[in-house]
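Encoded as structure tokens, the structure appears first; notes follow it.
The values are calculated or read from the model by the stated rules, or taken from the named source; none is laboratory data. Please read these numbers as outputs of a predicted model, since none were measured by experiment. All Cβ positions, even for glycine, are placed from backbone atoms using ideal geometry, and neighbour counts span all protein chains on display.
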């Protein structure tokens, strides 16, 4: 997983996670809309987006992966909220292209199990906003992902939109939201 972010939810029902995303996004000022995969607004920084698109993948190994378009970020606060709302464990992870700069958190219900990030305001792909990477040379993203058994680590929103998920994985749920 490079240049990618994701939220993982320890739950065997991806429809329940998709359902929990709607009120969570509504609280952020977004309404559910019907848009095809890839209909992004051109903005990549989460707080600046006017559209937010998600793929919620079928469970694998007890985990559901949630990928947002574009693939660069997962929203840490959303991972924390899903843990609380669904009373389960969630993992938030963002990995830069070099694999040494990355961020992560684990939540369980209302409890913070681990947070390892440093939010910095900077330019990122031509946009100014917060990124959360820190440098961790003691643990690699691959080791962290493997230790938790997180699925779909070779995928991201764009690869799913391109149809790269094998049919035997099941059908992901695509959700689109637009700022109201």
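Taking the condition surrounded by 17 or more Cβ atoms within 10 Å (Cβ to Cβ), more than 18 Å from residue 165 (Cβ to Cβ), in contact (Cβ under 8 Å) with a residue 40 or more places away in the chain and touching a helix residue (DSSP H, G or I) at 6+ places or on another chain (Cβ under 6 Å), does residue 94 pass? Here the answer is no, as residue 94 does not meet what is asked.
Restricting 47, 43 to residues that are over 19 Å from residue 90 (Cβ atoms), in contact (Cβ under 8 Å) with a residue 24 or more places away in the chain and part of a helix (DSSP H, G or I) narrows the list to 47. Confirm whether residue 31 is part of a strand (DSSP E or B) and over 15 Å from the mean Cα position of the chain (by Cα). Answer is yes for this residue. Of everything in the range 119-141, what is within 16 Å of the chain's Cα centre (by Cα) and surrounded by fewer than 19 Cβ atoms within 10 Å (Cβ to Cβ)? Give them in sequence order. Correct list: 130 only. Could you please find all residues in the range 33-47 being out of contact with any strand residue (DSSP E or B) (no Cβ under 6 Å at 6 or more places or on another chain) and farther than 27 Å from residue 153 by Cβ? 34, 42, listed by residue number.
Annotation: of all residues in the range 128-151 being at pLDDT below 95 and part of a loop (DSSP other than H, G, I, E, B), the one that is farthest from residue 73 (Cα to Cα) is 138. Would you check if there is a residue in the range 7-21 being in a strand (DSSP E or B), modelled with pLDDT of 95 or more and in contact with a helix residue (DSSP H, G or I) (Cβ under 6 Å, 6 or more places away or on another chain)? Yes: the range 7-21 contains one or more residues that are in a strand (DSSP E or B), modelled with pLDDT of 95 or more and in contact with a helix residue (DSSP H, G or I) (Cβ under 6 Å, 6 or more places away or on another chain).
Residues in the range 80-118 that are under 17 Å from the mean Cα position of the chain (by Cα), at pLDDT 95 or above and in a loop (DSSP other than H, G, I, E, B): 88 only. Taking residues in the range 140-153 that are in contact (Cβ under 8 Å) with a residue 60 or more places away in the chain, and partners anywhere that are assigned to a helix (DSSP H, G or I) and surrounded by fewer than 20 Cβ atoms within 10 Å (Cβ to Cβ), the pairs with Cβ atoms closer than 8 Å and at least 6 places apart or on different chains are 152/169; 153/142.
The one condition from (1) closer than 23 Å to residue 31 by Cα; (2) surrounded by fewer than 22 Cβ atoms within 10 Å (Cβ to Cβ); (3) at pLDDT 95 or above; (4) in contact with a strand residue (DSSP E or B) (Cβ under 8 Å, 6 or more places away or on another chain) that residue 158 does not meet is (3).
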